[in-house]
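To keep things clear, I will list the structure first and then write my remarks on it.
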Amino acid sequence: MTTAPGMHRILNPAPHTLLTAALLLAHPGAGAEASRRMEAVSRPEPGGPSAPGAPGVLWIGGVGGVYFLAEPGELVVEVEKRDRNRRRGHHELRAILAGPDRRVLQEATIPDDGLPTGSGWGPRQRCRLAARVDGRGVCVLNVTVSQDRYGEAVAWAFRSNCRKYLIETARGHKDEAHQEPIVLASPDRPASICFMPRQKAFGVEVTGLPRAAAALRMLDARGTVLATLEVPAGGQVSHRFPTQRPRAAVPWRLELPAAEATVHIDGLTRWESGDPQPHLTCWTPDPASWFAWLDHRWLLTPYSRRVHGLPGESRNLTFQVHNSSARERSVQLGLEFPEDPSPAAAEAPGDACARLAVSRVTVAPGQSASVTLNCLLPASGRTCRVRLRATPADEPGFSTYSTLILKAEEAAASRPLAMPIVLEPYRHENDQFGCLPDYPVENQVYFDARNRPFVRTPHGISTWRDGRWVASAFRAAVTSRTPPFEGDTFGMTSTKLAFDRDNDLYALSTVGRTAALLHSADGGRTFAACVIPGRENRSRSFDFEQFSGHNALDGPPPILRYTLTRRDEQLIWRRLNDLELFVPKKHHGRIALGEPIPVSTRCLGWSGHSGMPAGVVSRGSKVHVVWGEATDPKLKVAGVPTFVASYDRATGQLGKPALVAHGPPANDVHNCPSITLDRQARLHVLAGTHGAPFPYARSLQPNDAQPRWTEPALTGDGLRQTYIGLVCGPDDTLHTVFRWWRFGVAPFPASSHATLAYQRKRPGRPWEPPRVLVVAPFSEYSVFYHRLTIDRKGRLFLSYDCWSTYWFYRNDHPGSRRVLLLSPDGGDTWKLAETSDF
């Protein structure tokens with residue numbers, strides 16, 4: 001859709017069951033008349049290039065959004081934008097209005113003003129959104145800007161008829177300590193910043209004030225002046241508030257006579273360990289708009305659930321009631337059965353399709369309680385909509401709800417999907433396809449020699465046994481351990497699992513600073529711990545061999561230990577690690593770790609959060625290790641040099657490293673290579689890159705890194721690839737999944753966006769062009785935390801959890817959104833996995 005300059009686009013205007021979205025026009029209208037009215041409110045307004053706007057408008061820097069405690073009736077939100085035009089780029093503002101159940105009610109974009117760089121403040125542009133609210137709940141306005149995830153190229157403002165609201169300043173992430181300064185750009189008006197002060201001492205720093213700025217004041221909720229901050233000639237001021245200052249009258253407010261400033265407040269815009277609301281910059285310019293959102297954040301989740309099944313089928317669904325406050329709270333629960341205004345909807349009687357197990361729960365501070373909702377699928381072809389409402393017993397003025405939709409039909413998730421999956425804001429796999437996993441999804445799935453699924457969980461492992469999913473917690477299952485591996489808290493050193501020729505199971509874990517290889521000979525019912533000693537006082541990472549297609553383990557998996565020895569203060573991604581190999585042995589059911597074998601002292605390290613690359617693979621007596629090395633920053637090199645070396649168990653010797661490729665750019669720990677082998681034990685390596693095509697190389701000698709390799713060949717021209725997942729299929733086809741940057745194409749033609757993409761290389765053929773599997777819901781930075789595995793039948797399993805750079809979007813959703821894709825035919829088709837697929 002194209003739009004004339006100065007116009008905004010309104011997307012997704014379809015009505016919703018609970019809130020009806022519409023353009024906010026002066027009078028109801030349709031067709032050409034409605035279009036003329038839309039143009040009237042969208043046209044740029046006059047304003048000088050040196051000032052951000054007219055008096056009364058509070059212009060805000062950064063991005064983020066607003067939480068509205070909406071009452072029944074019409075909710076109106078008007079958003080404005082002005083471009084600063086001080087740097088190049090196309091800066092469209094995207095405004096998304098969503099209901100209490102996070103159903104998107106309406107979406108609008110305000111375009112770039114088209115003025116040249118250096119021309120100063122552009123004209124005011126605006127869009128208006130409105131929704132009919134049937135019941136009290138917390139709605140959200142989400143604000144992002146293309147090519148500007150930090151909100152530095154624009155200022156934005158909003159108006160609403162909702163009296164209770166809180167702003168959350170929440171930019172995209174940075175690879176540094178998180179800070180969210182509040183930036184105000186309205187020097188022609190005063191403003192306040194109302195916030196919740198933390199209990200311990202905190203500092204306030206205000207910079208960028210106008211010349212000759214008057215003194216600032218800090219007041220409590222009673223209007224008592226707590227401090228007067230005189231502004232020196234430099235236009236910046238700081239003050240520290242001690243712990244002894246009473247905090248009973250909250251919120252506090254910082255008054256600025258002229259709202260042009262950058263404001264930092266400890267506990268609000270930057271955080272320390274122990275702060276009650278880390279990473280949440282929630283504030284308001286109006287004390288009257290304050291409501292207890294911080295105490296009620298995530299009160300009821302998930303915000304919505306879509307359930308598909310057979311007519312009359314009974315299902316139990318679990319919702320979480322969370323207490324974000326510092327005191328024990330009771331929460332009243334109830335069911336509501338709203339009518340669908342759509343005449344096409346055939347509604348089942350709501351009170352017949354859902355029953356609540358309890359009507360009230362008491363939750364300790366900072367904890368959650370599970371609530372079970374028993375549901376009965378309606379008759380064939382019918383839909384039942386249920387609203388689960390939560391209201392704190394001690395604060396009935398706050399209330400919100402989640403929505404449950406029951407449909408008596410097969411879910412799209414049960415069939416092969418038309419790829420790619422295009423994620424939308426607040427509308428992921430459950431909303432689009434009815435995906436509701438009935439299996440553990442915390443991490444990727446691995447398969448034992450009998451092709452039974454196993455998943456590493458935060459506390460142990462889960463597997464399918466005796467017709468059901470069974471969990472084993474390490475604190476109870478680890479029955480054999482030796483000092484210093486003692487304690488009840490097991491860390492997740494790696495999410496990988498491995499199996500040997502006896503079908504014994506292996507995992508890596510830590511207790512405190514002590515690492516261990518956990519070994520189970522009974523399918524994960526019990527474990528014995530083999531301590532990996534040494535380097536406890538240093539930062540370490542571990543990897544071990546897992547099944548990647550043709551590497552059935554004869555014994556315990558070889559282990560890699562990466563120990564950080566130096567960080568480069570000038571190059572953030574350049575690090576030096578000692579890389580060591582352990583080749584453990586099993587004798588009469590007991591594991592002997594063996595001594596560490598030095599491999600490299602210049603290894604960049606291991607980055608496994610996405611791709612989960614394989615650093616080691618073996619066949620028979622040979623163990624093959626791949627790694628990337630740091631180089632002298634003064635030297636020009638083609639990228640991270642990628643080496644492979646082979647260790648012979650029979651001789652105990654580590655062979656000479658072979659340099660097989662360079663992965664650009666140099667000195668970047670993102671560039672972790674991955675290795676696998678085929679039926680003939682030929683080694684296959686993808687060198688890691690950070691936004692460049694992967695170089696691919698293959699050994700010419702089976703099962704040995706020496707003497708020669710093929711010349712490295714790129715997986716494609718101009719591909720912006722990062723984070724390798726690599727396996728080898730039964731027919732020796734190589735399969736890789738990675739993040740792939742796209743630029744200037746749908747659905748974000750004004751910017752860049754991340755996709756999760758798949759590529760394969762059939763034997764003797766070049767790499768096929770990449771295919772997009774998943775598209776991120778927002779432009780700018782995203783990562784998918786993807787992990788590609790393969791089962792003993794050669795089926796591909798892709799676990800992913802889409803993570804957006806934007807703190808506002810992530811802060812609103814507790815936990816992960818991880819799901820599992822399955823390809824039963826070597827990458828030709830994909831579907832969302834179900835327990836029946838295992």
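The values are calculated or read from the model by the stated rules, or taken from the named source; none is laboratory data. Small disclaimer: the values here were computed from a predicted structure and weren't measured. So basically every Cβ, Gly included, is an ideal-geometry build from the backbone, and we count neighbours across all protein chains shown. Surface accessibility is based on the protein's heavy atoms, side chains included, excluding ligands, DNA and RNA. Shrake-Rupley method; radii C 1.70, N 1.55, O 1.52, S 1.80 Å.
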Can you give the accessible area of Arg389 in Å² (nearest 10), computed on protein heavy atoms with a 1.4 Å probe?
30
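Would you please classify the overall shape of region 90-138 from the alpha carbon gyration tensor, given that a ≥ b ≥ c denote the square roots of the eigenvalues, rounded means a/c under 1.5, and beyond that prolate means a/b larger than b/c while oblate covers the rest? Mind dumping the intermediate values first?
On the way: a/c = 4.13, a/b = 3.24, b/c = 1.28.
Note, shape of region 90-138 comes out prolate.
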With unit charges on the beta carbons (Lys and Arg positive, Asp and Glu negative) and the dipole taken about the Cα centre of region 356-441, which residue among Tyr426, Tyr439, Ala411 sits farthest to the positive side?
Ala411
Exactly which trypsin sites (Lys or Arg not before Pro) in region 494-533 are in a DSSP loop and have at most 11 other Cβ atoms within 10 Å?
Arg501
Using a 1.4 Å probe, how large is the accessible area of Glu410, given in Å² and rounded to the nearest 10?
110
Expressed in nanometres to one decimal, the distance between label points 7 Å along Cα→Cβ at Arg762 and Gln244 is 8.0
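Computed FRET efficiency, Cβ-Cβ of Arg513 and Ser380, R0 60 Å: what is it to the nearest 0.05?
On the way: r = 58 Å, r/R0 = 0.97.
Calculated transfer efficiency: 0.55.
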In this structure, among Lys174/Lys793; Lys585/Lys656; Lys200/Lys496; Lys622/Lys761, pairs with alpha-carbon gaps over 32 Å are Lys174/Lys793; Lys200/Lys496
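Let me know the charge dipole size of the chain about its Cα centre in debye, to the nearest 20, where only the beta-carbon of Lys, Arg (+1) and Asp, Glu (-1) is charged.
Values: 99 positive and 83 negative charges, 174 e Å.
Here the chain has a charge dipole of around 840 debye.
Output the peptides 820-828, 615-623 sorted from most to least packed, where packing is the average of other Cβ atoms within 10 Å over each peptide's residues. Don't skip to the answer; put the middle values down first.
On the way: 820-828: 18.4, 615-623: 21.0.
Going from most to least packed, we get 615-623, 820-828.
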Mean separation of Cα contacts under 8 Å, 6 or more apart, over the residue count of the chain: relative contact order %:
9
If the rule is a partner Cβ under 4.7 Å, which cysteines in the chain fail it?
Cys127, Cys139, Cys162, Cys194, Cys282, Cys375, Cys435, Cys530, Cys603, Cys672, Cys728, Cys802
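In debye to the nearest 20, how big a dipole does region 127-172 give about its Cα centre with +1 on each Lys and Arg Cβ and -1 on each Asp and Glu Cβ?
Numbers: 8 positive and 4 negative charges, 58 e Å.
About 280 debye.
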Would you mind working out the magnitude of the charge dipole of region 624-747 relative to its Cα centre, with +1 at each Lys and Arg C-beta and -1 at each Asp and Glu C-beta, to the nearest 20 Debye?
160
Just order 357-370, 686-699 by mean Cβ neighbour count inside 10 Å, highest at the front, would you?
686-699, 357-370
Percent carbon-and-sulfur accessible area, region 774-838, ignoring ligands, DNA and RNA, probe 1.4 Å:
47
Per residue, how much accessible surface does the chain expose to a 1.4 Å probe? Answer in Å², no decimals.
39
Mind checking the alpha-carbon convex hull of region 129-264 and giving the volume per residue in Å³?
161
Counting each pair of different Cα atoms once, what's the Kirkwood radius of region 556-681 in Å, rounded to one decimal?
15.3
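Mind checking the full-extension length gain between Arg211 and Gln367? Use 0.36 nm per residue of separation minus the Cα-Cα distance, one decimal, nm. Don't skip to the end; give the middle numbers.
On the way: separation 156, 0.36 × 156 = 56.16 nm, distance 4.79 nm.
Stretched fully, the Arg211-Gln367 segment lengthens by 51.4 nm.
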Could you give the angle, 0 to 90 degrees to the nearest 10, between helix 31-42's Cα long axis and the longest principal axis of the Cα atoms of the chain?
90
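Expressed in nm to one decimal, what extension gain is obtained for the pair Asp717 and Thr224 from 0.36 nm per residue of sequence separation less their Cα-Cα distance? Please report the intermediate quantities before stating the final value.
Details: separation 493, 0.36 × 493 = 177.48 nm, distance 6.53 nm.
Additional length available on full extension: 171.0 nm.
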Over the chain: helical MRE at 222 nm, DSSP H runs n ≥ 4 each giving -39500 (n - 2.57), nearest 500:
-1000 deg cm²/dmol
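Taking every pair of distinct Cα atoms and averaging 1/r, then inverting, what Kirkwood hydrodynamic radius in Å comes out for the chain? It would help to have the intermediate numbers written out before the result.
On the way: mean 1/r = 0.0342 Å⁻¹.
Computed over the chain, the radius equals 29.3 Å.
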Charges on Cβ only, +1 for Lys and Arg, -1 for Asp and Glu, centred on the Cα centroid of the chain; of Gly467, Trp627, Ala108, which one is farthest towards the dipole's positive end?
Trp627
In region 746-838, taking the dipole from +1 charges on Lys and Arg beta carbons and -1 charges on Asp and Glu beta carbons about the Cα centre, the listed residue (Ala754, Thr835, Cys802) farthest towards the positive end is Thr835
Please arrange Glu313, Glu176 by accessible surface area, largest first, computed with a 1.4 Å probe and ligands excluded.
Glu176, Glu313
Going Cα to Cα from Lys407, which lysines come in below 27 Å? Please leave out same-chain ones fewer than 8 positions away.
Lys831
Restricting to Cα pairs under 8 Å and 6 or more apart, the percent relative contact order of region 791-836 works out to 40
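Evaluate E = 1/(1 + (r/R0)^6) for Arg538 and Phe337, where r is the Cβ-Cβ distance and R0 equals 45 Å; express this FRET efficiency to the nearest 0.05.
With a Förster radius of 45 Å, E is 0.15.
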